[in-house]
Amino acid sequence: MSNFRISIGGAQLLVMAFGPCSELPEGWSLKSLQRQSDVINGQHPVAQAVGELLGQINVHEALAPNVAPASGYITAAENLTDRIYLGESCLLRNQSLPADGVYVGKKQAFVMSAAGCPVIIATASDQCVIAHASRDSLIDRRAVIGNPSREHLSVVHAIVAEFGKRRLPPASIDMVMLFAIAAEKFEHSMYHPIYGDYNHRLVQLVNNRWPGGVVYKDGSSFLDLEQIFVGQAREAGVSAVGAMGSLVSYPHLVQTCVGEDAGRRNLIVVRRDT
């Protein structure tokens, strides 16, 4: 387990990350925890562990949007309509609403399971959005081939647009990315027998839009999600942006969703205090 406190804009937050453990050898996947009925007779290993954790850190409402589709969409807490009671705490979900991020109020927490996917914390005035930021959240897959599937290319642009709806301009926003997969572990070879053509288009897009987002080594190409994130935020007019605490600093956490770590998940919890 890793935990630290961080100040972003006017918000104070507690950040916690948990890797697989002896009680949960496959980790903290929330996939099978969508509704109260999933906790059968009070039994669900992940539900029990999450409930105990939330109780220990005095969180009564934890927001866990459906991040798996990497939708690039930001929602409000009231749209997470499925309430799962875990002791004194409540997990708010909505499987039918894909959303990478959510507005988080004071004393609430954002919760997600992840395997190499970073989290973004963004604040402006008294507003706070916390979001999942996988590769496909940062770059719409279909936009890479010229057929966009959503309004915003990146969840970063979606966050900026959401704040804009509340008359909070980019200059008022602070953004930080945490727990990104290390670039050297995120190969996107342009010579891959199946994905080579797509990877080539992806690399071209990143190089054109966010220079520095591709790292080259030993004849192959690797994505640097931290640099892509910073480039996107600056492109959108956000100057107070940074990335810290990549997964290379936390070897006990799952680093990627492929290879020996396939199927294993970390749990990321961000509690907003002010």
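Quick note: the coordinates plus some simple rules give every number you see, no bench work behind them. What you are looking at is a predicted structure, and each value in this text was computed from that prediction instead of being measured. Reconstructed Cβ throughout: ideal geometry from the backbone, glycine too, with neighbour counts over all protein chains shown.
With a ≥ b ≥ c taken as the square roots of the eigenvalues of the C-alpha gyration tensor of the range 80-237, please select rounded if a/c is under 1.5 and otherwise prolate if a/b is larger than b/c or oblate if it is not?
On the way: a/c = 2.04, a/b = 1.58, b/c = 1.29.
Prolate, since a/c reaches 1.5 and a/b exceeds b/c.
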Relative to the chain, whose Cα atoms define the longest principal axis, helix 155-165 and its Cα axis are tilted in degrees, nearest 10, by 70
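Normalised by the residues of the chain, what does the relative contact order come to in percent, with Cα pairs under 8 Å and at least six apart? Don't skip to the end; give the middle numbers.
Numbers: 622 pairs, mean separation 67.3, N = 274.
Reported as a whole number, the value is 25 percent.
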The base-10 log of I(q)/I(0) that the Debye equation returns for the range 221-270 at q = 0.15, 0.25 Å⁻¹, one scatterer per C-alpha, is -0.58, -1.03
Of Met244, Met177, Met112, the most mobile residue in a GNM of the chain (C-alpha springs, cutoff 10 Å) is Met244
Of the candidates Val254, Tyr216, Ile173, the farthest towards the positive dipole end of the chain (Lys/Arg Cβ +1, Asp/Glu Cβ -1, centred on the Cα centre) is Ile173
Helix 225-235: inclination vs the chain longest Cα principal axis, degrees, rounded to 10, gives 80
Between the alpha carbon centres of the range 89-118 and the range 16-57 the gap in Å comes to 14
In deg cm²/dmol, rounded to the nearest 500, the helical mean residue ellipticity at 222 nm of the chain, built from -39500 (n - 2.57) for every DSSP H run of length 4 or more, is -6000 deg cm²/dmol
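Quick one: work out the % antiparallel among DSSP beta bridges in the chain, nearest 5.
Just about 75 percent of them are antiparallel.
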Ranked by GNM mean-square fluctuation in the chain (Cα springs under 10 Å), the top entry among Arg142, Arg35, Arg264 is Arg142
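If you place +1 on the Cβ of every Lys and Arg and -1 on the Cβ of every Asp and Glu, how big does the dipole about the Cα centre of the chain come out, in debye to the nearest 20?
Values: 23 positive and 25 negative charges, 104 e Å.
For this selection, approximately 500 debye.
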Sorted largest first, the Cα spans of the chain on the principal axes come out in Å as 52, 45, 33
Candidates Gln255, Gln36, Gln227; GNM for the chain (alpha-carbon contacts under 10 Å) flags as most fluctuating Gln36
The ratio Rg/Rh over the Cα atoms of the range 186-274, Rh being the Kirkwood inverse mean 1/r radius, stands at 1.02
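Note down the Stokes-Einstein diffusion coefficient of the range 14-68 in µm²/s, whole number, using a Kirkwood radius over alpha carbon pairs, 10 °C, and 1.306 mPa s. Before the final figure, lay out the partial values.
Numbers: Rh = 12.4 Å.
Diffusion coefficient, whole number: 128 µm²/s.
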Charge dipole of the chain built from unit charges on the beta carbon (Lys, Arg +1; Asp, Glu -1), centred at mean Cα; most positive-end Cα among Tyr198, Ile120, Gly237 is Gly237
In the range 1-146 the DSSP beta bridges are antiparallel at a rate, in percent to nearest 5, of 75
Computed over the range 216-268, the relative contact order (Cα-Cα under 8 Å, seq sep at least six) in percent reads 17
HN-Hα couplings for the range 5-20 via Karplus (6.51, -1.76, 1.60; θ = phi - 60°), in whole Hz with x for Gly/Pro, come out as 9, 9, 10, 10, x, x, 9, 10, 9, 9, 10, 9, 9, 10, x, x
Partner lysines whose C-alpha sits under 24 Å from that of Lys165, ignoring same-chain residues fewer than 8 away, are Lys106, Lys107
Ile139 neighbourhood, Cβ < 15 Å, K/R = +1, D/E = -1, net charge -1
Chymotrypsin sites (Phe, Trp or Tyr not before Pro) in the range 153-220 lying in a DSSP loop, each with at most 11 other Cβ atoms within 10 Å of its Cβ, come to Tyr191
